[in-house]
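Worksheet: the structure to be examined is printed underneath.
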Amino acid sequence: MDLNAVRTFVAAVDAGQFQKAAADLSLTQQAVSKRIAALEGELGVRLFTRTARGADLTIDGQAFLPHARALLQAAERATASVRPGSRALRVDVVGRRVATGGLMREFHRANPDIELDVVTLYGADRAIEAVESGTIDATFRAVLMPGRHLPEGIEAVPVLDEPLQLVTGHRHPLAGEESVTPAQLAGCRIWMPGNDPGTEWAAYYDELAAAFGFTLEVTGRPNFGVEALLDTIADSTTLATFLSDQTPLVWPVGYDLRRIPLRDPTPVYPHSLIWHTDNPHPGLATLRRHLTAAYPGRRGSGVWTPAWVRPAP
């Protein structure tokens, strides 16, 4: 159905005559008459009866009017859903409980007027494809993995270096340490059941293990999440795991888990914000300014990142 014709019909109803409707729509009276006639032809009914006072609705016109208004309202909602500044800014955060989820919460507190739609996609390939296709506006990922290059038009900028901590049960040999160097982990068993092959986090931890000589164990499929992971770590004298120092966790008192900082160097998980340069959403520009202004630029002699990670500016 021609929405312009429907819009003209509603304008004629509201104006009470074709001449006034034509002035309201910046059309000629002949153009208004043609649109109404075309709509009547499509519907197969008369919508107006011409009178000395103007144009009165027929019974069919009265029946069609509320649906015509609903059509125009639906069209406006559809347009608003993709109008820059009206559509929610859609951002992938990998996980809502991890540090990038915290970044978006901070952004929302600083910019409550920007509507957000926070999603979680699995794996960098899927996330970058979603940015490229416009399904999402931005994603947080560790780039670049070995063998991966960003598509044309896709940009990335470092926004967060997330320090890792060693997590052990109270009977682990390193449980009493105030801090641990990565070199002290040589020969240790680090359990990371969520490290699926092909993901950017698996590539990160594989290189970390190779650099410092610990054994990375990814057994225990399926991965039942961080709570099940901590259940096992709490009772183990040999297994440890890594968590971010920004990961909020609450565990039972009886677990007596230890979160031990890693020092000299501190392994950091390097998050970058990835977006398409052609994306016009004004909230995206605000998000980029917010994140880059807050980025401390810590990469240097005191931290460790894989060789394939894009250097910080």
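The values are calculated or read from the model by the stated rules, or taken from the named source; none is laboratory data. Small disclaimer: the values here were computed from a predicted structure and weren't measured. Every residue, glycine among them, receives a Cβ derived from its backbone with ideal geometry; neighbour counts consider all protein chains shown.
Some observations on this one:
- Odd one out for Leu103, checked against (1) exposed (fewer than 15 other Cβ atoms within 10 Å of the Cβ); (2) under 23 Å from Pro280 (Cα atoms): (1)
- Taken together, the criteria place Phe48 among residues that are surrounded by 12 or more Cβ atoms within 10 Å (Cβ to Cβ), in contact with a helix residue (DSSP H, G or I) (Cβ under 9 Å, 6 or more places away or on another chain), modelled with pLDDT under 95 and not acidic (Asp, Glu).
- Condition check for Arg171: surrounded by 14 or more Cβ atoms within 10 Å (Cβ to Cβ), among the charged types (D, E, K, R) and over 20 Å from Val268 (Cβ atoms): no
- Test: residue in region 171-181 that is hydrophobic (A, V, I, L, M, F, W, C), over 19 Å from the mean Cα position of the chain (by Cα), outside any strand (DSSP E or B) and not assigned by TED's automatic domain parsing to the domain that holds Leu103: yes
- A single entry from Arg77, Arg90, Arg96 fulfils the requirement of being charged (D, E, K, R) and farther than 30 Å from Pro163 by Cα: Arg77.
- Qualifying residue in region 118-138 (condition: modelled with pLDDT under 90, within 20 Å of Phe212 (Cβ to Cβ) and crowded, with 21+ Cβ neighbours inside 10 Å): no
- The requirement of being part of a loop (DSSP other than H, G, I, E, B) and of a type outside the set (Phe, Trp, Tyr) is not satisfied by Pro261.
- When region 52-100 is limited to residues that are modelled with pLDDT under 80 and polar (S, T, N, Q), the one that is farthest from Val226 (Cα to Cα) turns out to be Thr79.
- Residue, farthest from Ala55 (Cα to Cα), within region 1-20, restricted to residues that are outside any loop (DSSP other than H, G, I, E, B) and among the charged types (D, E, K, R): Arg7
- Scanning region 1-39 for residues that are closer than 22 Å to Asp60 by Cβ, among the aliphatic types (A, V, I, L, M) and buried (at least 18 other Cβ atoms within 10 Å of the Cβ) yields Ala5, Val6, Ala11, Ala12, Val13, Ala15, Ala21, Val32, Ile36, Leu39.
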